[in-house]
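Report on the following structure.
The values are calculated or read from the model by the stated rules, or taken from the named source; none is laboratory data. Quantities reported herein were computed from a predicted structural model and do not represent experimental measurements. Neighbour counts run over all protein chains shown; Cβ positions are idealised from the backbone, glycine included. To get the accessible areas, we keep the full protein, side chains included, count just its heavy atoms, and leave off ligands, DNA and RNA. Shrake-Rupley method; radii C 1.70, N 1.55, O 1.52, S 1.80 Å.
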Amino acid sequence: MIKVLVTGAAGQVGQDLLDVLAGRIPPGGDPTFQPDGSAISPDDFSVMGLTHHDLDVTDVVAVHRTVGMVRPDIIVHLAAYTAVDKAESDAATCFAVNEVGTGNLSDAAFEFGARLIAVSTDYVYDGRKGATYVESDATNPSGVYGRSKLAGELRCRPQDTIVRTSWVMGLRGRNVLHVIADRVARNEPVRFVTDQVGTPTFAADLARALASFARRPLGGIWHVANRGTTSWFTVAETAAREFGAPAGFVRPIVTDELSPAPAATRPPRSDLSTQKWESAGFEPMPEWTAGLSRFAAARN
Ligand SMILES: NC(=O)c1ccc[n+]([C@@H]2O[C@H](COP(=O)([O-])OP(=O)(O)OC[C@H]3O[C@@H](n4cnc5c(N)ncnc54)[C@H](OP(=O)(O)O)[C@@H]3O)[C@@H](O)[C@H]2O)c1
């Protein structure tokens, strides 16, 4: 039995990961998606999920005490400051969580012989490459959140696993799909941008992928995202249709039309290649459209 400690366990990925590691399929998950070739049974992992209330990852003493007490084989570090716009005026807190907190977990994992799996973001890229990103591409984050996540990556060790993912949406999380579903229910049309392009990722699929890394000791940087490159407009339009909206419910706009303008600059194109993941022998990630259909079916 592999002993796993999960930080940020109440977040959208955390809740799905606790299900996956317990051998359950999270709501909206795909029971056939077994990227490492076998199902997870309830006694494969013993899991301790820690919420923000249980463990503040910025508290170095508490982190070392907790990891020293639990003595996990694997730490999946999901705790993060994820409020991208708020971060622009709250950089100190954002860096404390995303840089120092991640460093605390890497140090404690090293000290107590655990392997760290830390989740990072497509926002470490500036999005100006004009093509799909691979793990070896240059980073150049354009906002505080991206800079803090990159700083966190740099506090990790070569043997740690860094999983960069993007546009994460979980059934039990706060995300744009719930906003769209609520607007459809109230028949209030929405506007979404056509000029931000990336790879949507469903928390249930990401959680199952993270469990695969818990089974296989693969250090370094990995992209994990659902397959398919798309814009926020297309995500919103597809979601609105799934939630029963009529045609034309989502109006296309460009980022410059957003009012008020968001505080943080987003990468214009930050879709992630998962070629490295597939080359390591893992099953390809599901298409984002399939993830969205499962999400909608579970929510409707
Ligand atoms: N969401 C996305 O679109 C996205 C995209 C790319 C990468 N990621 C990365 O994916 C990972 C998981 O994201 P998510 O979407 O599950 O985020 P989430 O739903 O915002 O969950 C993050 C969790 O971290 C907790 N947290 C915040 N500060 C903490 C602290 N100081 N100590 C301990 N816990 C703390 C939060 O608790 P409170 O709410 O109680 O503070 C929350 O439960 C993160 O590393 C994130 O950066 C997310």
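Quick notes
- Put simply, the Cα atoms of the chain extend 55, 40, 37 Å along their principal axes, the longest span coming first.
- Whether region 205-300 is rounded, prolate or oblate, judged on the alpha carbon gyration tensor where a/c under 1.5 counts as rounded: oblate
- Full-extension gain in nm, GLN159 to ALA185, via 0.36 nm per residue minus C-alpha separation: 4.6 nm
- Lysine pairs in the chain whose alpha-carbon atoms fall under 25 angstrom of each other, counting only those eight or more residues apart or on distinct chains, come to 4.
- Listed residues ASP16, ASP36 arranged by accessible area, highest first, probe 1.4 Å: ASP36, ASP16
- In terms of accessible area, using a 1.4 Å probe and ignoring ligands and nucleic acids, HIS223, HIS53, HIS178 rank largest first as HIS53, HIS178, HIS223.
- Surface accessible to a 1.4 Å probe, SER136 within the full protein complex, Å²: 110 Å²
- Between 0 and 90°, nearest 10: helix 144-154 axis offset from the chain longest Cα axis: 30 degrees
- When only the Cβ of Lys, Arg, Asp and Glu is charged (+1, +1, -1, -1), the dipole of region 1-80 relative to its Cα centre reaches about 200 debye.
- When only alpha carbons are used to place a centre, region 189-227 and region 72-121 end up 17 Å from one another.
- Here each label is just a point 7 Å from Cα along the line to Cβ, and for ARG24 and ARG71 those points are 2.9 nm apart.
- Positive dipole terminus of region 88-142, leading residue within SER136, GLY113, ALA91 (C-beta point charges): SER136
- Viscosity 1.002 mPa s, temperature 20 °C, Stokes-Einstein D of region 38-79 from Kirkwood C-alpha radius, µm²/s: 182 µm²/s
- Between ALA298 and ALA138, the C-beta separation translates, for a Förster distance of 41 Å, into a calculated FRET efficiency of about 0.60.
- Computed over region 134-239: relative contact order in percent, which uses C-alpha pairs under 8 Å that are six or more apart: 38 percent
- Solvent exposure ordering (accessible area, 1.4 Å, most first) of ARG174, ARG164: ARG174, ARG164
- Relative contact order for the chain, counting Cα pairs under 8 Å that sit 6 or more residues apart, in percent: 23 percent
- A Förster radius of 35 Å, combined with the Cβ-Cβ distance separating ALA92 from LEU258, puts the computed FRET efficiency at roughly 0.85.
- Just the protein heavy atoms count here, and of the accessible area of region 178-249 at 1.4 Å, carbon and sulfur take up 52 percent.
- In the full protein context, region 191-254 carries 33 Å² of accessible surface per residue, based on a 1.4 Å probe and ignoring ligands, DNA and RNA.
- FRET E, pair SER38, ALA83, Förster distance 41 Å, beta-carbon r, rounded to 0.05: 0.65
- Note on ARG128 and ILE2: the extension gain reaches 41.3 nm, defined as 0.36 nm multiplied by sequence separation minus the Cα-Cα distance.
- Note on the chain: dipole from Cβ charges, positive end direction compared against ALA240, VAL47, GLY281; the farthest Cα belongs to ALA240.
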